[in-house]
1. Within region 60-90, name every residue whose backbone N is under 19 Å away from a label modeled 7 Å from Cα of GLN165 along the Cβ vector.
2. Using alpha-carbon positions, what is the distance between the centroids of region 314-339 and region 59-124, in Å?
3. For the chain, what's the relative contact order in percent, using C-alpha pairs closer than 8 Å and at least 6 residues apart?
4. Which order do ASP314, ASP114, ASP182, ASP220 fall in if you start with the one that has the fewest other Cβ atoms within 10 Å?
5. Using helices alone, I'd like the mean residue ellipticity at 222 nm for the chain: each DSSP H run of four-plus residues gives -39500 (n - 2.57), total over residue count, nearest 500.
6. May I ask you to derive the relative contact order of region 236-286, considering only C-alpha pairs under 8 Å and at least 6 residues apart, and to give it as an integer percent?
7. State whether region 54-150 is rounded, prolate or oblate according to the following rule on the C-alpha gyration tensor (a ≥ b ≥ c being the square roots of its eigenvalues): a/c under 1.5 gives rounded; otherwise a/b larger than b/c gives prolate, and the remaining case gives oblate.
8. Return the Rg/Rh ratio of region 232-275 with Cα-based radii and a Kirkwood Rh.
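Bear in mind that the values in this text are calculations on the coordinates, not laboratory data. All values derive from a computational prediction rather than experimental measurement. Methodologically, a virtual Cβ is constructed for each residue, glycine included, from the backbone with ideal geometry; neighbour enumeration extends over all protein chains shown.
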Amino acid sequence: MKPIIKLTALTLSSLICFNSYADNSKEESKQPNPVAIVIHGGAGTIIKKNMTPELEKAYKTALKDALVAGYHVLINQGSSTEAIKKSIVMMEDSPLFNAGKGAVFTHEGKNSLDASIMVGNDLTAGAIAGVETVKNPILLADKVRTDSVHVMMSGKGAEQFAKSQDLEFVDPKYFFTQRRWDSLQNALKHEKEQASYTPLLPTDEANNYKFGTVGAVALDSNGVIAAATSTGGMTNKRYGRIGDSPIIGAGTYANQTCGISATGHGEYFIRAAVTYDICALMQYKEMPISEAADLVIHNKLKKMGGDGGVIGLDHQGNIMMSFNTHGMYRASVDTAGNVTIKLYKD
Ligand code: ASP
């Protein structure tokens, strides 16, 4: 994949905040391991003709800011867990993505948020589903990982646990955005015409805002991989529907070999155990990360009828971004400092 910008890690670090490499020079013999980060802002019908130059610029800027925030943590020798949380919080706070503020609406006109996080060296994981008042769901998922004996919590119980943690709460109205509301109205109209329950997928034409789940995967200077995903799920979802994003092994997975975050039609990603499957192909069959991801996304998932994509990296920092949709919001900094920010297929 051709990077659209090429910077050395040092140049990028100096753009962000010049200090970590300067500090490291004092410890001559102890060079940190190379770091890398990759993020996504959802996959779907992302085509140039549907974009205005302003919107394209807004997405690129939002991706760059989230990427730089995470990379900044890594080059200051912070952990991959802190780096991905930083990137994801920025995307959750942006109304452009289907996570946190800007999340899609349920059938009942609410925002019901799902998130998960996993750390590769110790296989710790945390996930939450159906949360409505926690400003940054990814931070609650991480609290489940670090401060509870469970891996996954949902609904009222998750909110109750959240109250015992140092987290920010908001009025549910905080998550409202007009275009997500309009998408729900479209979906409800569509549903009436079809006379059947029609949750809208990121790829559905009737969904005038078709994408936006967010995810991040990073490798830190200690060689630890972490992966995370956060979403509002599908427009017009009901019956407490939960997609793949908060499910470890489906929407998010990390071990010592790789870390993966997914986006797409959750029902397929759950049944194909997408993120674990990619890591398993790498671990047991020694497949390179891009080959393993392409096999799952373009072959296995496509044959089942599932649309979407994945991002990830391996323990050497090799970056992968694979999708079978028209586009995927994605950005990365590799171990050599090459920066990629892309929206469309090419
Ligand atoms: N995977 C998410 C879900 O099914 C949606 C998305 O990634 O756009 O809930």
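1. 79-90
2. Distance between centres, Cα-based: 16 Å.
3. Worked out over the chain, it gives 25 percent.
4. On the way: ASP314 23, ASP114 31, ASP182 14, ASP220 26.
Fewest-to-most ranking of ASP314, ASP114, ASP182, ASP220: ASP182, ASP314, ASP220, ASP114.
5. Working: 11 runs with 115 residues, N = 346.
About -10000 deg cm²/dmol.
6. Working: 69 pairs, mean separation 18.4, N = 51.
Contact order relative to length: 36 percent.
7. Working: a/c = 2.90, a/b = 1.06, b/c = 2.73.
Oblate, because a/c is 1.5 or more while a/b does not exceed b/c.
8. Numbers: Rg = 11.0 Å, Rh = 10.7 Å.
A ratio of 1.02.
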